[in-house]
Amino acid sequence: MRTDEDLARAFAAGDNLAFAALYSRYKQPVYIFALRMLREPDKAKDAFQSAFLKAFECRTELARVVRFRSWIFTVVRNLCLNELRRSKSIDSSYEEMDDLPGGDHETTLEQEDEARVLMKAIGYLKPEYREVLLLREYEDLAYEEIAAVIGSTESAVKSRLYKARQQLHRMLQPYVGKG
């Protein structure tokens with residue numbers, strides 16, 4: 001099996017099948033990341049399509065890319081942040097969480113759709129916390145890769161990830177009880 005970087009170089013050299021292989025590998029994770037960042041399927045689809053369109057248009061640049069995975073997630077991340085800024089969704093706050101299932105705080109997570117409640121809570125994180133949490137926990141990127149995606153340092157990634165987890169813990173505490 002060819003590496004992402006081999007495929008990127010082959011695509012840069014004119015092999016369109018290499019692009020198809022990269023697209024096939026990354027279409028689902030890139031779309032899901034965009035969906036989790038934007039929380040709207042149509043906007044996520046637009047960001048996803050724009051990311052791969054940019055990859056196609058920047059084919060010569062891909063020959064110099066060290067890690068294609070980091071590169072494509074950087075592109076879709078930037079598109080998502082631009083959309084969040086445009087739609088003014090960037091100021092989401094967990095204090096607005098009354099619309100989570102089980103809002104009476106008596107219902108335990110076992111009685112609710114846990115994944116839905118968790119993703120809703122993640123959606124209330126600040127985008128800079130949401131992105132590192134999604135990239136680490138759902139896309140399994142290493143700290144170094146996340147730092148490359150967000151244009152920061154590994155220590156900043158770890159700090160944001162810690163803050164994201166702390167905020168999630170505070171948000172979900174009423175739903176899981178104490179302890």
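For the range 143-161, the set of residues classified as within 10 Å of Ser70 (Cα to Cα) and either surrounded by fewer than 16 Cβ atoms within 10 Å (Cβ to Cβ) or not assigned by TED's automatic domain parsing to the domain that holds Lys126 (or both) consists of Glu144 only.
In the range 75-87, the residues that are under 11 Å from Val149 (Cβ atoms) form Cβ pairs under 7 Å with partners that are of a type in the set (Phe, Trp, Tyr), at six or more places apart or across chains, as follows: Val76/Phe33; Val76/Phe48. Among the residues making up the range 146-164, those that are among the charged types (D, E, K, R) and either touching a residue at least 40 places away in the same chain (Cβ under 8 Å) or closer than 10 Å to Val132 by Cβ (or both) are Lys158, Arg160, Lys163.
Cβ-Cβ contacts under 9 Å between residues 6 or more apart (or on different chains), taken from a first residue in the range 19-45 that is within 14 Å of Leu79 (Cα to Cα) and touching a residue at least 40 places away in the same chain (Cβ under 8 Å) to a second residue that is of a type in the set (Lys, Arg) and surrounded by fewer than 16 Cβ atoms within 10 Å (Cβ to Cβ), are listed as Ala34/Lys45. When Asp42, Asp91, Asp46, Asp98 are screened for being farther than 22 Å from Asp140 by Cα, modelled with pLDDT of 95 or more and exposed (fewer than 14 other Cβ atoms within 10 Å of the Cβ), only Asp42 passes.
Checking Ala156 against (1) aliphatic (A, V, I, L, M); (2) modelled with pLDDT of 90 or more; (3) within 16 Å of the chain's Cα centre (by Cα), only one condition comes out false. Which one? Only one criterion is unmet by Ala156, namely (3).
The values are calculated or read from the model by the stated rules, or taken from the named source; none is laboratory data. Keep in mind it's a predicted model, so treat the numbers as computed, not measured. With ideal geometry, Cβ positions are generated from the backbone for all residues, glycine too; neighbour counts draw on all protein chains shown.
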